[in-house]
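Q: Here it is, the structure, as structure tokens.
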Amino acid sequence: MTHARARVPGESEIFQVCYECDTVWVDRKPDANPPFLILEQYLARSGLDGLWSNIELLEKKP
């Protein structure tokens, strides 16, 4: 699973997002177990569309 540390520009919360499935984990390591959100659901909390262009990638991990 390829993932990256990311954040919404202008916000301080850092999350992990999966490149293959657009899944977001906050404050935990990426795996296939809940709790997780789909990127679109996560960005909707900030009033944004679920587009990769709406996040800032900080570090890509294999």
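The values are calculated or read from the model by the stated rules, or taken from the named source; none is laboratory data. The structure displayed is predicted, hence computed values, not measured ones. Note that we place each Cβ from the backbone using ideal geometry, even for glycine, and neighbour counts take in every protein chain shown. The accessibility values were calculated without ligands, DNA or RNA, using every heavy atom of the protein model including side chains. Shrake-Rupley method; radii C 1.70, N 1.55, O 1.52, S 1.80 Å.
Q: Given charges of +1 on the Cβ of Lys and Arg and -1 on the Cβ of Asp and Glu, with all other atoms neutral, how large is the dipole of the chain about its Cα centre, in debye to the nearest 20?
A: The calculated dipole for the chain is roughly 200 debye.
Q: Order the peptides 9-16, 46-53, 35-42 from the highest to the lowest mean number of other Cβ atoms within 10 Å of their residues.
A: 35-42, 9-16, 46-53
Q: Return the distance in nm (one decimal) between the two label points of a simple spin-label model at E11 and V26, each offset 7 Å from Cα along Cα→Cβ.
A: Here the answer is 0.7 nm between the modelled labels.
Q: Helix-only estimate, please: 222 nm mean residue ellipticity of the chain, summing -39500 (n - 2.57) across DSSP H runs of length 4 or more and dividing by its residues, to the nearest 500.
A: Per the formula, -2000 deg cm²/dmol.
Q: Quantify, in whole percent, the carbon and sulfur part of the accessible surface of the chain (1.4 Å probe; protein heavy atoms only).
A: The nonpolar share, carbon plus sulfur, comes to 50 percent.
Q: Still on this model: Which value in Å is the Kirkwood Rh of the chain over different Cα pairs?
A: 11.4 Å
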